[in-house]
Amino acid sequence: MSKAKTSSQGLEYVTLEDALSMLQYSDLANAFSSMAEKPWAGRVLKRVTTATYTLIDVQRDIDDFFIDKIVELLDGTKSREARSYLNSMTSLSELVNVVVVLHNVSIGRKPVVIFPTPLARKIPLVKPEEFDIDAFRRSVDKVFAGLVDRFVESKELSMREIALTLHKSVANIDKVSNYRVWRIVGIYHDAIAVRLCRMFPELSREPLYPLIMEDNIFREACSADLTELAKTSSGYRKIVLELFDALADSSTILKGVEAFDLATVLTTMSLSKTLAGGDVEERVRRLVRLMGSSVILKLIVLSIYTDTYKVELQRLLSKWLK
């Protein structure tokens, strides 16, 4: 990969310097104006300077930018090995989006998007009674077809289908071919599984197979109080402790599964720094950084928009993005 291309891709990410600079401002227009050289700033800047807007509008603009870049990455990846890793991580992210959309619709809430994925831009943020489940079914990848079909039939989520989809998402991951990438995908899988178990305790009754966490630790993470889990400092694998450390920091800003989502992103971004190089590792690292940048930028926007937890966010990002 040429130096020029690598440099231009670097502008796509949200760096620690970007984050700390933006958090000095009290309004979004000035915050994004200070980032004018960044390609993700233009769309949001136009939004916040030309018309009345909502927080959701801005966050959707951010998602749209990073989704475009993720789709570009997926489409441009020809290596079968690299595509396998990228598809696994994207599928896990999509699973959360699909489950949250269906769950919200089932309880009368608007569908929402958690992670930036190709499916996310096809999800209309409409009232639950206006949500077209048939159109949604046609737009999801075939790996989620059984999950959506079962929901259409029974009007509720199938825990068995969620478990099966978790398995399918990592079915082609090879621990031997690249251990550094495998551990990133593995902890991402386990964190997503824990997140879903915390949403639906009954999911823990299904056969779930964590890749990194020992089974007893995985079960504890699914059911233990998050504040207690975040205090854990010994006895587990280093990579699991890193996730719990990120959770402790994330819990100073967010609560419940939202804190777990942020901790998951911070952990995978931190681990991606260990990727040494080569096309496969570079592409996985780029996906992790794109996904993480989207989540972090939306968090920065929320902090500025609501004028809350700026100091806590500066402290957290200074630790994890350094």
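Entry remark, segment 153-170: residues being open to solvent by 50 Å² or more (accessible area, probe 1.4 Å) and either in contact with a strand residue (DSSP E or B) (Cβ under 7 Å, 6 or more places away or on another chain) or at pLDDT 90 or above (or both) number 7 in total. Residue-level check: of (1) open to solvent by 30 Å² or more (accessible area, probe 1.4 Å); (2) free of Cβ contacts under 8 Å to residues at least 40 places away in the same chain, residue 199 misses just (2). Applying the condition of being closer than 20 Å to residue 121 by Cβ and hydroxyl-bearing (Ser, Thr, Tyr) to segment 267-302 and asking which residue is surrounded by the most Cβ atoms within 10 Å (Cβ to Cβ) yields 294.
Residues in segment 276-303 that are closer than 14 Å to residue 85 by Cα and among the aliphatic types (A, V, I, L, M): 280, 284, 287, 288.
Which one of 80, 137, 109 is without any contact (Cβ under 8 Å) to a residue 24 or more places away in the chain, open to solvent by 50 Å² or more (accessible area, probe 1.4 Å), over 14 Å from the mean Cα position of the chain (by Cα) and under 30 Å from residue 177 (Cβ atoms)?
Numbers: 137 fails: under 30 Å from residue 177 (Cβ atoms); 109 fails: under 30 Å from residue 177 (Cβ atoms).
Testing whether each residue is without any contact (Cβ under 8 Å) to a residue 24 or more places away in the chain, open to solvent by 50 Å² or more (accessible area, probe 1.4 Å), over 14 Å from the mean Cα position of the chain (by Cα) and under 30 Å from residue 177 (Cβ atoms) leaves just 80.
On the stretch given as segment 242-264, residues that are more than 19 Å from residue 309 (Cα to Cα) and crowded, with 22+ Cβ neighbours inside 10 Å total 2.
The values are calculated or read from the model by the stated rules, or taken from the named source; none is laboratory data. Small disclaimer: the values here were computed from a predicted structure and weren't measured. All Cβ positions, even for glycine, are placed from backbone atoms using ideal geometry, and neighbour counts span all protein chains on display. Quick note on the areas: whole protein, heavy atoms, side chains included, nothing else; ligands and nucleic acids left out. Shrake-Rupley method; radii C 1.70, N 1.55, O 1.52, S 1.80 Å.
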